[in-house]
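These notes are about the structure you will find just below.
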Amino acid sequence: MEKQYKGLSGYMFLFLELVLLAIIVFGFFRGIILYSALLIPVFIFLAPGFTVVDPNQSCVMVLFGAYKGTIKMNGFYWVNPFFVRKKISLRARNFDSETIKVNDKLGNPIMIGLVLVWRVQETYRAAFGVDEYQHFVVVQSEAALRKLAGLYPYDNIEDESAKVTLRDGTEEVNDELGTRDY
């Protein structure tokens, strides 16, 4: 299940990093080398924690193989430097499928294609549910198209009792494709 993760303010930690850098440089010039040298690992440890989440992007956080949450709000954040971050786009995308040959409800061969507009809703499932979520959408859309074409006749010439056909009932067929879980 997807969890929201709230990163800390990146600006606050950037200010902290600049203060640490100033203290380190000042310490070396004043001859306080030991204390300045001890602050260098702290400075280096904090630096990789910065992350930027762009608009319509998300950042999935994983700590030592355990999912910790997703940042969906755009902004500049600081997170635990040990987090592995995976960026996932939340933008709407288009997929224009090749025309494929399928059989309609009556077994007649037809050529059919689809234009699919899709977006990631749950980043946890996109990151961990499948290997490549973009390829998964392509494969599943073809399977859904084949299944949907088999539910309706192409037209009502052979099946006069059909209320919805692939040729005349585009709105109903689109609604069926959009509401089914394939």
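The values are calculated or read from the model by the stated rules, or taken from the named source; none is laboratory data. These numbers come from a predicted model, not from an experiment. Positions of Cβ are generated from backbone atoms using ideal geometry, with glycine treated the same way; all protein chains shown enter the neighbour counts.
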Completion exercise
Checked R30, R91 against criteria (within 30 Å of R146 (Cβ to Cβ), of a type in the set (K, R) and surrounded by fewer than 15 Cβ atoms within 10 Å (Cβ to Cβ)); the one match is R91
Practice task
Answer yes or no as to whether P41 is out of contact with any Pro (no Cβ under 9 Å at 6 or more places or on another chain), without any contact (Cβ under 8 Å) to a residue 40 or more places away in the chain and under 30 Å from L151 (Cβ atoms).
Solution key: no
Practice task
Output yes when any residue across the range 83-92 is in the same structural domain as V52 (by TED's automatic domain parsing) and touching a Leu at 6+ places or on another chain (Cβ under 9 Å), and no when none is.
Solution key: yes
Practice task
Give the residue that is nearest to Y5 (Cα to Cα), with candidates limited to residues of the range 97-136 that are free of Cβ contacts under 8 Å to residues at least 60 places away in the same chain, out of contact with any Phe, Trp or Tyr (no Cβ under 6 Å at 6 or more places or on another chain) and in a helix (DSSP H, G or I).
Solution key: Y133
